[in-house]
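Here's the structure, in structure tokens; my notes come after.
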Amino acid sequence: MEEKQYIVDALSVDESWRVFRIMAEFVESIEELSKIGHAVSIFGSARVLPGDEYYEKARELARSLGKEGFSVITGGGPGIMEAANLGASEAGASSIGMNIQLPFEQKPNTYANVSIAYKYFFIRKVMFVKYAMAYIIFPGGFGTMDELFEALTLIQTKRIRSFPVFLMGSEYWKGLIDWIRETMLPEGKISEEDIDLIQIIDEPDQVVKHIKKFIIL
């Protein structure tokens, strides 16, 4: 009985210390990101390589945003994240990489001039939203979809201020958007205005133009 109680007490202490670790991640992030000014969060696959169409578009887009005075936030890993951090750094802008500790794929890229490491996914996701003036979603997998639909849910439910959400690559996103329009909407799972939260664009310069209309620096 005493041994079991010892185990319970040890677990309780560990849980208590976890609260402090969580607080520490929040404090570090807020102190670092509060300095970056107007920023745009860019998401997409970690699996694309330099030379890929979307890698090069992410790099071009981030470079253009940097030249317009925007900071660029990514997940800090390879693929689209690397491309966006590279483009922002080429423009001399703040290039933020918010890396997460994962057993595969997620190794920090070398192009972020502001790098923050996270243990907890939920803290990282809060920071993506808190400091972004717009979300730009390139083709990606489950993690990319998670960021997309979390942002849409928070905007839809008015838990955060509304900001533009752009999907880059109409060919990639066509099937998803068709399903949303042809299945979710007719069944009453969403409203017509919810679809308007998403803008689908193919070219980086068009995204920059739309963001500049929404945000006055």
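Some points to look at:
- Helix-derived mean residue ellipticity, 222 nm - over the chain, DSSP H n ≥ 4, -39500 (n - 2.57), to 500: -16000 deg cm²/dmol
- Assigned charges on the beta-carbon of Lys, Arg, Asp, Glu; the chain dipole about Cα centre (debye): 560 debye
- Taken over the chain, lysine pairs spaced eight or more positions apart, or on distinct chains, with alpha carbons under 21 Å apart number 21.
- Relative contact order, percent, the stretch 133-193 [alpha-carbon distance under 8 Å, six or more residues apart]: 38 percent
- Förster radius 22 Å - calculated FRET efficiency between Thr110 and Leu49 (Cβ-Cβ, nearest 0.05): 0.90
- A simple charge model with +1 on the Cβ of Lys and Arg, -1 on the Cβ of Asp and Glu and nothing else charged puts the dipole of the stretch 75-183 at about 500 debye relative to its Cα centre.
- Between the exposed loop cleavage positions of the chain, defined as trypsin sites (Lys or Arg not before Pro) in a non-H, G, I, E, B DSSP state with at most 15 neighbouring beta-carbon atoms within 10 angstrom, the longest gap is 48-118.
- Annotation for Lys158 and Arg18: the two label points, set 7 Å from Cα along the Cα-Cβ direction, are 3.4 nm apart.
- Model label points for Trp179 and Met145, set 7 angstrom from Cα along the Cα-to-Cβ axis, are 0.6 nm apart.
Throughout, read-outs are computed from the coordinates displayed, never taken from laboratory work. Predicted model only: the values in this text are computed from it and were never measured. Neighbour counts run over all protein chains shown; Cβ positions are idealised from the backbone, glycine included.
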